[in-house]
């Protein structure tokens, strides 16, 4: 018995040596991967995930450098917040250029609504806007979001006092937005008009990844975490430099002739994605009829579709083999969206709104827009909704009770 610990010493010594060696190897591998990734992104910056601050659409803004420092800080420190049924929401953030304010109805991106002394003597009409990151305002200051520009233009174009609310959440699709609308209505809040601004997220989730028309973004990762699978438990490793480097290598080795979705499969997903989108708008319209507000749907522009010539910055993004297949699928969904809008008249297709624009407006592969792009979109939206807002007698008195039976 007394000799057992002595005999086990070599075993524990070997075990300790193996553990320490493994830790050293992992640390060296992580450090080496970090150096390689840093050098790779320095040599080929346009292949980084977030390259918005290099877009020529931000040339000429003296405050751009300071803004992007704050935006990158928000990206690095923010991970959203859990929301029942909607899965994630917006995390509060307050800075010089970006503010997501906490309120009784949630945390939402700040909209710059013009102050008007005349409006203090009469009730304001609320316009609620729902959408993903482009509507939220990823990549622009508070005053340059679509809702802020829309508020400015509507208050100039109509006789009503308009307050625009930004209910955009980064990564949202219309399934989540309709649930959010229902939550706000159930809490007793009432809009005069509801505007949905979508397209890229619905198309991507429905036809690219996960390729399920009724799904949300990051379905496989969240599903794995909820189900407690091994992949879900090890999901934190995705942020390691080693796996990031491995992903870059795999994408670089992907051949142009790699397997692609069949034409029939892409066509089918495009159709069902638009079916799901239109049904969401139909449900929102039913709620609008019950509670007394008008619903508009706008399908956002994207550089993957239209007759506008691409800028070199956009060509570089679109030409990346890792993204090319995805963009081709997105273009197919956009093609169907344009047809649907023309025949069903259930929503407005804005995919061609930049066709005659000669300046850059996009800032990254997710089709986020610079201030100039958001301003043009808001101007287009005003042209469709201002006449409805002038019908004050119909919209100023929403039903405050229960919906009709």
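Here is how the numbers come out for the structure above:
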| read-out | value |
| --- | --- |
| Test: residue 296 is touching a helix residue (DSSP H, G or I) at 6+ places or on another chain (Cβ under 9 Å), under 30 Å from residue 58 (Cβ atoms), touching a residue at least 60 places away in the same chain (Cβ under 8 Å) and not in a helix (DSSP H, G or I) | yes |
| Some residue of the range 315-324 being assigned to a helix (DSSP H, G or I), touching a helix residue (DSSP H, G or I) at 6+ places or on another chain (Cβ under 6 Å) and without any contact (Cβ under 8 Å) to a residue 60 or more places away in the chain | yes |
| Positions within the range 364-391 being assigned to a loop (DSSP other than H, G, I, E, B) and either modelled with pLDDT of 95 or more or over 27 Å from residue 71 (Cα atoms) (or both), in sequence order | 368, 370, 391 |
| Long-range neighbours under 6 Å by Cβ, at least six apart or interchain, first residue in contact (Cβ under 8 Å) with a residue 40 or more places away in the chain within the range 67-86, second in a strand (DSSP E or B) | 80/88 |
| Matching residues in the range 70-83 - criterion: being in contact with a helix residue (DSSP H, G or I) (Cβ under 9 Å, 6 or more places away or on another chain) and closer than 19 Å to residue 223 by Cβ | 83 |
| Strands (runs of 3 or more DSSP E) wholly inside the range 63-178 containing at least 1 residues that are out of contact with any strand residue (DSSP E or B) (no Cβ under 7 Å at 6 or more places or on another chain) and farther than 21 Å from residue 381 by Cα | 87-89, 99-103 |
| Long-range neighbours under 9 Å by Cβ, at least six apart or interchain, first residue on the phi > 0 side of the Ramachandran plot within the range 187-210, second assigned to a loop (DSSP other than H, G, I, E, B) and modelled with pLDDT under 95 | 188/400; 199/367 |
| Members of the range 94-114 found to be in contact with a helix residue (DSSP H, G or I) (Cβ under 8 Å, 6 or more places away or on another chain) and at pLDDT below 95, listed by number | 105, 113, 114 |
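The values are calculated or read from the model by the stated rules, or taken from the named source; none is laboratory data. Since this is a predicted model, take the numbers as computed values, not measurements. For neighbour counting, all protein chains shown are included, and Cβ atoms are generated from backbone atoms with ideal geometry for every residue, glycine included.
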